[in-house]
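Here is the structure we will look at.
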Amino acid sequence: MAGVLVSMIRYDLEGLPQFALARPFSIRWYRPGDSAAWTRIHVAADRFNAFPPGRFAEQFGADEAVLAARQAYLCDGEGREIGTATAWFDASYRGQPYGRIHWVAIMPGWQGRGLAKPLLAVACRRLRELGHERAYLLTYTARTAAVNLYLSFGFVPDIRSDEELAAWRAAREQFKPAYWRRAREAVPELA
């Protein structure tokens, strides 16, 4: 079960966690033709969404200069793309401009090795470098590891509906207690 699609928010991009990327891994930014790598990574890593032809263009458009500034790729020691995260944007999330952490994924064989932390840190830093003051993301409550990662980065549930509130309350036992405690302090409705 996918759980419920929920929103998480970070009200500012100050004091972001920093994580060094271990050798031999590297991060690089989008290059023309990377839509195939993005699709390959997501098809392998994301069991909650479908990736029909055109999904990349639908999500990101075709402006390669924008993509080069915003879409990161995690590469193995031989330069093969094994993960991706996009420091995207939304001109009117909740009526205000927000940065958006969009489509974070790591190939299954590379998951659980601490690689998501430096990848997410790079994307969050890039949002700040591009002038964003705050950020949000969408995820599913069933993505326990991802939600714990986002909570550890200071993202908290952004309750947009009674269904989301119920989903967060139902899933709370899956999340690390220290992270969930901080989320409850920031979002009193979760108690």
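The values are calculated or read from the model by the stated rules, or taken from the named source; none is laboratory data. On a predicted model such as this, the values are computed, not experimentally measured, just so you know. Neighbour counts are summed over all protein chains in view; Cβ atoms, including those assigned to glycine, are modelled from backbone coordinates with ideal geometry. Areas reflect the complete protein model, heavy atoms only, side chains present, ligands, DNA and RNA absent. Shrake-Rupley method; radii C 1.70, N 1.55, O 1.52, S 1.80 Å.
Given 4 °C and 1.567 mPa s, compute D for segment 99-165 with the Stokes-Einstein relation, Rh being the Kirkwood radius over Cα pairs; round to the nearest whole µm²/s. Please list the in-between numbers first.
On the way: Rh = 13.0 Å.
Stokes-Einstein gives a translational diffusion coefficient of 99 µm²/s.
Could you tell me what fraction of 2.2 N^0.38 Å the Cα radius of gyration of segment 1-60 comes to, as a two-decimal ratio?
Details: Rg = 15.5 Å, N = 60, 2.2 N^0.38 = 10.4 Å.
Dividing the Cα Rg of segment 1-60 by 2.2 N^0.38 Å gives 1.49.
In whole Hz, with x marking every Gly and Pro, tabulate ³J(HN,Hα) for segment 51-67 from phi via Karplus 6.51 cos²θ - 1.76 cosθ + 1.60, θ = phi - 60°.
Karplus-based 3J(HN,Hα) across segment 51-67 equals 10, x, x, x, 4, 4, 4, 4, 7, 10, x, 10, 7, 5, 5, 5, 4 Hz.
Would you work out what percent of the accessible area of the chain, with all protein chains in place, is carbon or sulfur (probe 1.4 Å)? Spell out each step's value before the answer.
Numbers: 4840 of 9410 Å².
It is 51 percent, rounded to a whole number.
Which value, in debye to the nearest 20, describes the size of the charge dipole of the chain about its Cα centre when Lys and Arg Cβ atoms bear +1, Asp and Glu Cβ atoms bear -1, and nothing else is charged?
Values: 25 positive and 20 negative charges, 105 e Å.
About 500 debye.
Using a 1.4 angstrom probe, figure out how much accessible area the chain has per residue, in square angstrom, rounded to the nearest whole.
Working: 9410 Å² over 191 residues.
Per residue, the chain has an accessible area of 49 Å².
When each pair of different Cα atoms in the chain is counted once in the 1/r mean, what is the Kirkwood radius in angstroms, to one decimal?
On the way: mean 1/r = 0.0587 Å⁻¹.
About 17.0 Å, per the Kirkwood formula over Cα pairs.
Label points 7 Å out from Cα along the Cβ direction at VAL66 and ASN148: separation in nm?
3.5
Spin-label point model (7 Å from Cα, Cβ direction): what's the TYR11 to ARG169 distance in nm?
Reported label-point gap for TYR11 and ARG169 is 2.2 nm.
Restrict the search to segment 47-91; then list the GluC sites (Glu not before Pro) that DSSP places in a loop and that have at most 12 other Cβ atoms within 10 Å of their Cβ. Spell out each step's value before the answer.
On the way: sites: GLU58, GLU64, GLU78, GLU81; in loops: GLU78.
Passing both the DSSP loop test and the Cβ count: GLU78.
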